[in-house]
Amino acid sequence: MKRVFLFSITIFSLFLFSCKEDSENENKAALKNQVKSKLSEEKTKDIDTINSNFEENTTEESVFIKGYFYSSTKIDTLDFKTFSKIKNVYLDSIPSFEDFEKKVDYIYTNEIEIHITNKNNNPLKFENASSLYFIENIGDNNNDGLDEIAVVVNYADQSSYNNCKIYSYCNNNWKLLFEFSINEMSLFFENNEDFIKYKNSIKDHFEKKGNQWYYADIEMAYEGTNGVAFKKLKLEKCK
């Protein structure tokens, strides 16, 4: 009788644990939707204007970056290219549109991708995108001899919720090592002073102090913290 009682207690405990885990997963999903909802903003002409100013101010170094991406002994250059899957060609540029919806329609109709690559290796591809908001060689943070890159993509959507993604090249492909959510409005600048100040970082989200990178995931602001707290960036080795 005692064994039956203990067995029943065990089953009941497992049931409670399972319910708690399901509840936590549902809360996390609801939290993510809440953050996206709060940051869902229509990209108006004003925002497009700010973005175009940002891209005009983007220097060559922030689009074409150098580093030890494929080998620990040879410096390589990564290029930024616009590709149409439907036409199977690289494009010189995307046409300008005054209407944002027309721009989105063009991107989806022509299956536009952004490629980060060089001539000799497989590209890193981003679908339904028009450009890059941010790309930076962040050095070797996992001590594998190769540099990682941090990327924020300008997707064809109407939300300022975005992600900064960190990649490394291994086994002949780019691998996603880590990502954290940001408000992409942090990447828009109304003056050159701010552009220069945050040229190699993301305001309120990603910065380097000494030899250490720190990140701030915007979702943390909705988990009971006071604002968005910075944490040390820790990356595992590429597998």
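The values are calculated or read from the model by the stated rules, or taken from the named source; none is laboratory data. All values derive from a computational prediction rather than experimental measurement. Cβ coordinates were reconstructed from backbone atoms using ideal geometry, including for glycine residues, and neighbour counts include every protein chain displayed. We work out accessible area using only protein heavy atoms, side chains counted, and drop any ligands, DNA or RNA first. Shrake-Rupley method; radii C 1.70, N 1.55, O 1.52, S 1.80 Å.
Of everything in the stretch 187-233 that is modelled with pLDDT under 90 and among the hydroxyl-bearing types (Ser, Thr, Tyr), the residue that is surrounded by the fewest Cβ atoms within 10 Å (Cβ to Cβ) is THR225. For the stretch 107-122, enumerate the residues that are open to solvent by 40 Å² or more (accessible area, probe 1.4 Å) and either under 23 Å from the mean Cα position of the chain (by Cα) or among the aliphatic types (A, V, I, L, M) (or both). Answer for the stretch 107-122, where residues must be open to solvent by 40 Å² or more (accessible area, probe 1.4 Å) and either under 23 Å from the mean Cα position of the chain (by Cα) or among the aliphatic types (A, V, I, L, M) (or both): TYR108, GLU111, ASN121, ASN122.
Kindly establish whether ASN171 is of a type outside the set (A, V, I, L, M) and either touching a Leu at 6+ places or on another chain (Cβ under 9 Å) or more than 30 Å from LYS209 (Cβ to Cβ) (or both). Talk me through it step by step, then tell me what you get.
On the way: of a type outside the set (A, V, I, L, M): yes; either touching a Leu at 6+ places or on another chain (Cβ under 9 Å) or more than 30 Å from LYS209 (Cβ to Cβ) (or both): yes.
Yes.
Do any strands (runs of 3 or more DSSP E) lying entirely in the stretch 128-190 carry at least 3 residues that are within 12 Å of the chain's Cα centre (by Cα) and under 16 Å from ALA216 (Cβ atoms), and which ones are they?
Details: elements: 129-139, 148-155, 161-170, 173-183.
Fully inside the stretch 128-190 and qualifying: 161-170, 173-183.
Among the residues of the stretch 138-155, those identified as open to solvent by 10 Å² or more (accessible area, probe 1.4 Å) and either more than 22 Å from SER181 (Cβ to Cβ) or without any contact (Cβ under 8 Å) to a residue 60 or more places away in the chain (or both) are GLY139, ASP140, ASN143, ASP144, GLY145, LEU146, ASP147, TYR155. Within the stretch 68-89, the set of residues being farther than 18 Å from VAL151 by Cβ, open to solvent by 70 Å² or more (accessible area, probe 1.4 Å) and in contact (Cβ under 8 Å) with a residue 24 or more places away in the chain comprises SER72, LYS85, ILE86.
Scanning for something at pLDDT 95 or above, surrounded by 20 or more Cβ atoms within 10 Å (Cβ to Cβ), closer than 18 Å to CYS238 by Cβ and among the small types (Gly, Ala, Ser), does the stretch 167-185 turn up at least one residue? The answer is yes, given that some residue of the stretch 167-185 is at pLDDT 95 or above, surrounded by 20 or more Cβ atoms within 10 Å (Cβ to Cβ), closer than 18 Å to CYS238 by Cβ and among the small types (Gly, Ala, Ser). If you go through the stretch 191-213 and keep only what is touching a helix residue (DSSP H, G or I) at 6+ places or on another chain (Cβ under 6 Å) and not in a loop (DSSP other than H, G, I, E, B), you end up with PHE195, ILE202.
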